[in-house]
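Shown next, in structure tokens, is the structure this report addresses.
The values are calculated or read from the model by the stated rules, or taken from the named source; none is laboratory data. Since we're looking at a predicted model, the values are computed, not measured. Reconstructed Cβ throughout: ideal geometry from the backbone, glycine too, with neighbour counts over all protein chains shown. Note: areas computed on protein heavy atoms with side chains; ligands, DNA, RNA excluded. Shrake-Rupley method; radii C 1.70, N 1.55, O 1.52, S 1.80 Å.
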Amino acid sequence: MAAGSGRDHDFYQGKKQYIVELSIHSDEHYMREAYKQALLARDEGEIPVGAVVVADKRIIARAHNQTERLNDPTAHAEMLAVTAASHYFGTKYLNECALYVTLEPCGMCAGALYWAQLGKLVYAAADEKRGFTAINPKMIHPKTKVFRGPMQKEASALVSDFFRQLRDK
């Protein structure tokens with residue numbers, strides 16, 4: 001093709017090109033979606049934790065903490081998201097799924113993730129007091145890939161600010 005034909009590669013002829021591949025199918029994207037759920041929890045007076053379950057590059061479940069609303073100590077974001085994903089697939093096993101959650105799962109949630117045989121867990125903020133790694137890092141299924149992921153600072157600040165506001169009341 002002749003120069004000036006309107007094709008992008010002609011415009012850059014003789015110059016180095018740097019192509020950055022952007023994808024909405026990234027850990028950062030999915031964690032941002034979980035963070036949006038955490039903001040919903042905060043706005044409802046719940047501990048601000050949000051979660052999404054992803055399968056085949058699609059969000060199939062979204063949840064946030066609802067322990068106060070439902071008067072149910074098991075209504076953690078992870079538990080609600082895993083339940084919704086299990087109903088979506090009609091199975092208790094989620095080995096082809098990834099869970100993105102803004103706070104490290106507690107022991108109860110880690111146990112549920114173990115039994116669901118979750119494929120991948122990505123959490124943002126560590127929970128040094130009640131997180132599963134403080135209790136027993138082996139609580140997660142041995143085949144589950146675990147990552148401490150993006151938005152650690154934002155998620156940690158969200159939880160810290162929530163509890164600071166409660167103390168100041």
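What number, in percent, do you get for the relative contact order of segment 13-169 if the mean sequence gap of Cα pairs under 8 Å and at least 6 apart is divided by its residue count?
20 percent
Using a 10 Å cut-off on Cβ atoms, rank the peptides 79-85, 133-139, 98-104, 162-168 from the highest mean neighbour count down.
98-104, 79-85, 133-139, 162-168
To the nearest 10 degrees, how steep is helix 152-168 against the longest Cα principal axis of the chain, on a 0 to 90 scale?
Value to nearest ten degrees: 40.
Only Cα pairs under 8 Å and at least 6 apart count here; give the relative contact order of segment 49-112 as a rounded whole percent.
Relative contact order comes out at 39 percent.
Taking the Cα centre of segment 64-128 as the origin, how large is its charge dipole in debye, to the nearest 20, when only Lys and Arg (+1) and Asp and Glu (-1) carry charge on their Cβ atoms?
Taking the Cα centre of segment 64-128 as origin, the dipole is about 260 debye.
In terms of solvent-accessible area of protein heavy atoms at a 1.4 angstrom probe, what is the ranking of Leu118, Leu39, highest value first?
Ranked list, largest accessible area first: Leu39, Leu118.
Whenever you get a sec, compute what percent of the accessible area on segment 109-159 sits on carbon and sulfur atoms (1.4 Å probe).
Carbon with sulfur: 53 percent of the solvent-accessible area.
Solvent-accessible area per residue for segment 99-163 at a 1.4 Å probe radius, Å²?
51 Å²
Could you give the nm distance between label points at Glu128 and Lys36, where each point is 7 Å from its Cα heading toward the beta carbon?
Calculated label separation equals 3.2 nm.
With each pseudo-label sitting 7 Å past Cα toward Cβ, what's the Tyr93-Ala157 distance in nm, one decimal?
4.2 nm
Describe numerically, in nm with one decimal, the distance between label points set 7 Å from Cα along Cα→Cβ at Lys143 and at Leu166.
3.7 nm
Any chance you could give the angle, 0 to 90 degrees and rounded to 10, that helix 77-89 forms with the longest Cα principal axis of the chain?
The answer is roughly 70 degrees.
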